[in-house]
Amino acid sequence: MEKSVDEIDFTKSGGLVPVIVQDATTLEVLTLAYSNKESLELAKKTGNTWFWSRSRNKLWMKGEKSGNTQKIKKILVDCDSDAVIYLVEPSGPACHLGEKACFHNNLA
């Protein structure tokens, strides 16, 4: 079923939806970020991952400074229309610490 950006429920989390970013080939989870309506529209329009930075309080495109962009292959919407998955082709590490994925720490 096709969904439009207007059908996404941004009301549950203060105008944001969680975005799980997965490698389109391996399905490895690369990161979890958040998008508002504008960043989701930019992602859909440009084919690159765009998010809302909660710490910097602004839009950002993954790789705009590092060059480690993520080309979107598919966007999936969950059954409640309040979370999305970006299936991507990464051009480098997803983690700002240089790791392939942000989930590289074990919980002790």
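The values are calculated or read from the model by the stated rules, or taken from the named source; none is laboratory data. Please read all numbers here as calculations on a predicted model, not as lab measurements. For neighbour counting, all protein chains shown are included, and Cβ atoms are generated from backbone atoms with ideal geometry for every residue, glycine included. With ligands, DNA and RNA removed, areas are computed over all heavy atoms of the protein, side chains included. Shrake-Rupley method; radii C 1.70, N 1.55, O 1.52, S 1.80 Å.
Could you list, in sequence order, the residues of region 83-103 that are surrounded by fewer than 16 Cβ atoms within 10 Å (Cβ to Cβ) and closer than 24 Å to residue 5 by Cα?
89
For region 60-82, give me each residue that is farther than 20 Å from residue 4 by Cα and of a type outside the set (D, E, K, R).
60, 61, 63, 66, 67, 68, 69, 70
Yes/no matrix, rows are residues, columns are (1) surrounded by 15 or more Cβ atoms within 10 Å (Cβ to Cβ); (2) part of a loop (DSSP other than H, G, I, E, B):
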residue: 3; (1), (2): no, yes
residue: 6; (1), (2): no, no
residue: 9; (1), (2): no, yes
residue: 21; (1), (2): yes, no
residue: 34; (1), (2): yes, no
residue: 40; (1), (2): yes, no
residue: 52; (1), (2): yes, no
residue: 73; (1), (2): no, no
residue: 79; (1), (2): no, yes
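Which number in (1) farther than 21 Å from residue 15 by Cβ; (2) in contact (Cβ under 8 Å) with a residue 24 or more places away in the chain marks the one condition that residue 65 misses?
(2)
Going by the conditions given, is residue 35 at pLDDT 95 or above and within 13 Å of residue 84 (Cα to Cα)?
When the stated conditions are applied, residue 35 passes them.
Within region 23-32, which residues are under 15 Å from the mean Cα position of the chain (by Cα) and either open to solvent by 40 Å² or more (accessible area, probe 1.4 Å) or among the hydrophobic types (A, V, I, L, M, F, W, C) (or both)?
Hits for region 23-32 are 24, 27, 28, 29, 30, 32.
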